[in-house]
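Scroll down for the structure; my scribbles are underneath it.
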Amino acid sequence: MVPPFTSTPAGQLVINWHITEACNYGCHYCYAKWEKPDRQRELVHDAGRTKELLKRLYEFFHPDNKGNPLRQHMDWGSVRLNLAGGEPLLYTRRVLEMLPVARDIGFDVSLITNGSKLDSAIMASMATSISMLGLSIDSPSARNNEEIGRSDRRGRQLDLAGLAAAVDQGRRSNPRLRVKVNTVVNQVNQWDDMTSVIERLRPEKWKVLRMLPVVDDSLAVSQQAFNDFVIRHAHLASIRHVEDNQDMTESYLMVDPMGRFFQNAAGAGARGYRYSQPILEAGALAAFAGMRFSAPKFLFRYVAPAGAAPVPSPGAISAPFNLMVAAPA
Ligand code: SF4
């Protein structure tokens, strides 16, 4: 039996809800591709079902819910809902409606975006409803962004100056807003210097992820090249948080646009995702049954200080917890 693993008491549990698969960019490594049951629309387009999903998630992951199987392995004091995509701000109106609903239910709320739709007006509208703004930015180079696929159908790319102005607006509207930049290191940007981007946006956290071949491995990067990227950015270590491929599997709580838990398919060479039953139909407890989740990896991401060494490979600590819970009759 795996011994209980307890986090610092004030830890926060983070649930990533990928509200949509749609995106105006076309990154070749994009992980936002889910199997859709026939003729079903993404939940984000239905305000009533969206609210019901959020309520069920909050009840299930509420810190006082002793029936949540994760409680055997870790403690947390609050729950953050991270809205992701695709590109969530393709549906700005829906997001702006959803934020106060999620807050009222009890969530701390954050959002991650590619930044292309974020202007000062939208930022001002949502800044007081979110505690963290995540920005996914891979390169300062227009040529590299084009090669990665970070441009829309008309070839337009992120306007970094415009985004920086929006971020400044966010900080004015909500001085407690935290900003995070995510960079996926891949074959195209492996030689880039991200210093100018980080200095411009001044994030509290810079997450450096090694491209994980989930759907496509054409831009996969070698271990050596990833390590070199990390070493070349050692001057940013105080805000940097590094995630290699093994840190990323079984360590995110993820919900897809149809309201199912999902995680990366297990096994060497496995591609794609495995899914739970829909949460609205089965209930959160039954849907969560059988999802594999590694508490130590999760705690490294959300609790460890920036610059800390990544969690060793699973074999070096313990097998990832396999959280099998009995579904209610
Ligand atoms: S910006 Fe994000 S969601 Fe959009 S294509 Fe790129 S990786 Fe996928």
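This table checks each residue for (1) within 15 Å of the ligand (Cβ to nearest atom); (2) assigned to a strand (DSSP E or B).
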{"residue": "Glu147", "(1), (2)": "yes, no"}
{"residue": "Asp152", "(1), (2)": "yes, no"}
{"residue": "Arg156", "(1), (2)": "yes, no"}
{"residue": "Gly170", "(1), (2)": "no, no"}
{"residue": "Val184", "(1), (2)": "yes, yes"}
{"residue": "Asp193", "(1), (2)": "no, no"}
{"residue": "Leu209", "(1), (2)": "yes, yes"}
{"residue": "Leu212", "(1), (2)": "yes, no"}
{"residue": "Asp228", "(1), (2)": "no, no"}
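As a summary of the residue check, Ser78 satisfies the conditions (1) touching a strand residue (DSSP E or B) at 6+ places or on another chain (Cβ under 8 Å); (2) surrounded by 18 or more Cβ atoms within 10 Å (Cβ to Cβ) except for the one numbered (2). Here Asp119 does not qualify as surrounded by fewer than 23 Cβ atoms within 10 Å (Cβ to Cβ) and in contact (Cβ under 8 Å) with a residue 60 or more places away in the chain. Applying the condition of being among the aliphatic types (A, V, I, L, M), away from the ligand (no atom under 16 Å from the Cβ) and surrounded by 18 or more Cβ atoms within 10 Å (Cβ to Cβ) to segment 32-75 and asking which residue is nearest to Gly290 (Cα to Cα) yields Leu70. Is it the case that Asn24 is farther than 15 Å from Leu253 by Cβ, polar (S, T, N, Q) and part of a loop (DSSP other than H, G, I, E, B)? Considered against the rule, which asks whether it is farther than 15 Å from Leu253 by Cβ, polar (S, T, N, Q) and part of a loop (DSSP other than H, G, I, E, B), Asn24 comes out as yes.
For (1) over 17 Å from the mean Cα position of the chain (by Cα); (2) aliphatic (A, V, I, L, M); (3) modelled with pLDDT under 70; (4) not in a loop (DSSP other than H, G, I, E, B), each residue gets a yes or a no:
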residue: Ala225; (1), (2), (3), (4): yes, yes, no, yes
residue: Ser251; (1), (2), (3), (4): no, no, yes, no
residue: Met258; (1), (2), (3), (4): no, yes, no, no
residue: Gln263; (1), (2), (3), (4): no, no, no, yes
residue: Gly267; (1), (2), (3), (4): yes, no, yes, no
residue: Glu281; (1), (2), (3), (4): yes, no, no, yes
residue: Gly290; (1), (2), (3), (4): yes, no, no, no
residue: Phe300; (1), (2), (3), (4): no, no, yes, yes
residue: Ala319; (1), (2), (3), (4): yes, yes, yes, no
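Among the candidates Gly155, Gly134, which residue alone is among the small types (Gly, Ala, Ser) and within 22 Å of the chain's Cα centre (by Cα)? Only one candidate qualifies: Gly134. The number of residues in segment 173-206 that are surrounded by fewer than 22 Cβ atoms within 10 Å (Cβ to Cβ), in contact (Cβ under 8 Å) with a residue 40 or more places away in the chain and within 24 Å of Ser120 (Cα to Cα) comes to 14. Comparison of Leu96, Leu89 shows that the only residue that is in contact with a Ser or Thr (Cβ under 6 Å, 6 or more places away or on another chain), within 24 Å of Arg41 (Cα to Cα) and away from the ligand (no atom under 16 Å from the Cβ) is Leu96. When segment 128-144 is filtered for residues that are within 10 Å of the ligand (Cβ to nearest atom) and touching a Leu at 6+ places or on another chain (Cβ under 9 Å), only Ile137 remains.
In summary, Leu83 fulfils each of the numbered conditions (1) away from the ligand (no atom under 16 Å from the Cβ); (2) in a strand (DSSP E or B) with the single exception of condition (1).
The values are calculated or read from the model by the stated rules, or taken from the named source; none is laboratory data. From a predicted model like this one, the values you see are computed outputs, not experimental measurements. Neighbour counts are summed over all protein chains in view; Cβ atoms, including those assigned to glycine, are modelled from backbone coordinates with ideal geometry.
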